[in-house]
Amino acid sequence: MRNSHSLFRRVRLPLALALAGSIVVVATSSCSKSDGGNEGGTGGGASSSEGGGPGGNTGGTGGKSSSGGSGDSPGAAGGTAGASAGGIGGSAGGAAGAMAAMGGSSGMGGAPVPVPSDYYVYASGGSEIEGFKFNPETGALTSIGKTNAGNNATYLAFNPKGTNLYASNEVSGNENVRAFSITKGTGMLTAQSNQASGGANAVHVSVHPSGKWLFVSNYSGANVRAFPINETTGDIGPGKAVFATANESHQIMPDTTGKFAFVPCRGDNNIHQLKFDEAAGTFSDNTPDVLGSDDPRHMVFHPSGKFAYLVNENPANMLAMAYDAAMGKLSVIDKTPLAPGENWGSHAVITPDGKFVFAGGRRTGIILSYAVDQVTGKLMEVTKISTNIRVPRDFAISPSGQHLLIANSSNNNLTVLKIAANGMLTTVGTPTPTVGNPSGIVVVAVPKP
């Protein structure tokens with residue numbers, strides 16, 4: 001098996017906070033700002049009078065607030081109050097905000113309610129997870145310490161409340177999924193329970209838009225499994241029945257409604273299309289049960305729920321797809337090569353407003369920025385960057401859509417990129433050292449004490 005598993009961390013918001021991972025959550029300020037706040041950016045609207053903005057960063061269209069928004073916080077909390085379309089990873093409605101960033105649910109509209117939060121970044125690799133305090137204004141990272149996470153901790157996910165973190169152990173013979181509580185005010189992690197993943201090499205985890213289920217895909221086990229999440233403690237219980245997919249099941253991604261889930265499998269070159277029974281915690285095949293692709297690895301949903309984007313590993317390219325949310329079916333729109341000489345595609349994320357998709361290539365050490373045609377769903381390359389990028393296995397977007405954080409697995413560090421309004425990318429400072437072979441990264445907004 002190749003050392004090539006990346007995740008598309010999804011995020012989701014409580015009634016609208018972020019799941020899908022990555023990155024992704026709520027903001028730090030609760031006061032009103034004319035520019036939408038530092039990390040409010042596009043999510044808070046051009047002026048924060050649109051508390052969540054059209055397709056806001058983390059909250060989506062959460063309704064207007066005459067008092068303005070406090071950056072991401074209102075967008076996210078706007079989701080809490082009823083945002084409906086923003087997000088980075090994909091859930092329809094308020095939760096769509098976070099899910100799309102890295103991985104949401106349907107909102108009800110109304111005035112956003114600010115949720116003051118602190119931002120923390122978590123990177124996994126080897127047997128550890130390292131936490132960092134994230135400055136949403138400068139993009140600076142300050143380490144807060146490391147936590148034991150079991151053998152070969154890879155991808156990460158977190159719950160809508162921003163109170164718990166989840167990790168997978170990609171090993172054969174002792175594969176687990178693990179839960180951690182996040183301490184408010186410090187971001188420190190405390191280990192909770194760990195459960196058997198149900199198959200070899202637990203490569204990827206994601207959280208259901210409701211926040212009630214943790215999903216895992218087992219790369220060599222060729223299956224997926226759901227684990228109940230305790231709504232009070234955020235801890236996980238024993239997994240439900242495993243469901244067979246195919247070898248090299250690289251990722252499991254719920255859609256924006258939570259009724260369907262998708263598993264890119266390199267073993268049979270298909271994206272497996274599954275139905276999910278939220279009451280029972282079980283999967284079943286949809287009809288059709290697969291969509292063919294070329295070495296499919298990671299995918300992400302557009303916050304509108306109309307499109308999805310997939311990174312194929314080799315040949316490395318981006319697949320733009322239309323999505324029928326009522327039926328849970330994908331169909332191919334277009335295919336775009338990543339870069340000349342690239343044959344090791346890694347991951348993809350989308351900005352909270354759905355305007356830009358970012359993809360990574362590990363062979364050439366590159367991050368590509370694509371503009372999304374909001375009508376057709378097609379992608380058009382904006383720029384590419386390789387400065388301080390080396391084997392970008394995973395990356396996440398800040399809730400505002402203003403920063404992209406890269407886990408460089410061969411350099412054992414994290415790179416922060418500034419995202420301009422036109423999708424251009426520039427490096428911020430110098431790379432930050434972290435755990436060995438970082439495989440997963442998420443940005444979590446943790447409510448203040």
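Each reported figure results from applying straightforward, stated rules to the coordinates on display, with no laboratory input. None of these values were measured; they are calculated from a predicted model. For neighbour counting, all protein chains shown are included, and Cβ atoms are generated from backbone atoms with ideal geometry for every residue, glycine included.
If R0 equals 22 Å, the separation of the Cβ atoms of Lys448 and Glu231 corresponds to a calculated FRET efficiency of about 0.55. A Stokes-Einstein calculation at 37 °C with viscosity 0.692 mPa s, built on the Kirkwood radius of segment 243-286 over Cα pairs, returns a diffusion coefficient of 312 µm²/s. Here Val375 and Ser410 are evaluated by their C-beta separation; at R0 = 45 Å the FRET efficiency comes out at 0.70. Highest-first packing order for the peptide set 253-266, 137-150, 186-199 is 253-266, 186-199, 137-150, based on the mean count of other beta carbon atoms within 10 Å. Of all aspartates and glutamates in the structure, the ones whose alpha carbon falls short of 16 Å from that of Lys161, not counting any fewer than 8 places away in one chain, are Asp72, Asp118, Glu231, Asp235. For Val115, the residues whose modelled amide H falls within less than 5 Å of its own, excluding neighbours fewer than 5 places apart on the same chain, are Ala27, Ala77. Each peptide in 340-349, 154-163 gets a packing score, the mean of other Cβ atoms within 10 Å over its residues, and the list from highest to lowest is 154-163, 340-349. The gain in end-to-end length when the Arg363 to Ser386 segment is fully stretched comes to 7.2 nm, 0.36 nm per residue minus the alpha carbon separation.
Scaled against the 2.2 N^0.38 Å expected of a compact globular protein of N residues, the Cα radius of gyration of segment 291-437 reads 1.00.
Charge tally around Gly328: other residues with Cβ under 10 Å, Lys/Arg +1 each, Asp/Glu -1 each, net +1. Backbone phi angles across segment 394-406, fed through the Karplus curve with coefficients 6.51, -1.76 and 1.60 (θ = phi - 60°), yield HN-Hα couplings of 8, 7, 9, 10, 5, x, 6, x, 9, 9, 10, 10, 10 Hz in residue order; Gly and Pro are listed as x. May I ask you to list the lysines whose Cα is less than 29 Å away from that of Lys378, ignoring any residue fewer than eight positions away on the same chain? By straight Cα distance, Lys378 reaches Lys259, Lys275, Lys306, Lys329, Lys335, Lys355, Lys418.
The HN-Hα couplings worked out from phi for segment 364-372 by the Karplus form 6.51 cos²θ - 1.76 cosθ + 1.60 (θ = phi - 60°) are 9, x, 9, 10, 10, 10, 10, 8, 9 Hz, whole numbers, x standing for Gly and Pro. Segment 287-333: percent of C-alpha pairs farther apart than 15 Å? In whole percent, the long-distance tail amounts to 41. If you bin all the Cα-Cα distances of segment 400-449 at 5 Å, starting from zero, the percentages per bin are 5, 20, 23, 20, 18, 11, 3, 0.
Here each label is just a point 7 Å from Cα along the line to Cβ, and for Asn314 and Ala241 those points are 3.7 nm apart.
Subtracting the Cα-Cα distance of Ser284 and Ser193 from their residue separation scaled by 0.36 nm leaves 30.1 nm. Sorted on the mean count of surrounding Cβ atoms within 10 Å across their residues, most packed first, peptides 234-247, 353-366, 381-394 read 353-366, 381-394, 234-247. Here the 3J(HN,Hα) profile of segment 431-446, calculated from phi with Karplus coefficients 6.51, -1.76 and 1.60 at θ = phi - 60°, is x, 9, x, 8, 4, x, 6, x, 10, x, 8, 9, 10, 10, 9, 9 Hz, Gly and Pro shown as x. Mind pulling up the Rg/Rh value for segment 160-243? Radius of gyration and Kirkwood radius, both on Cα. Using only Cα positions, Rg/Rh for segment 160-243 is 0.97.
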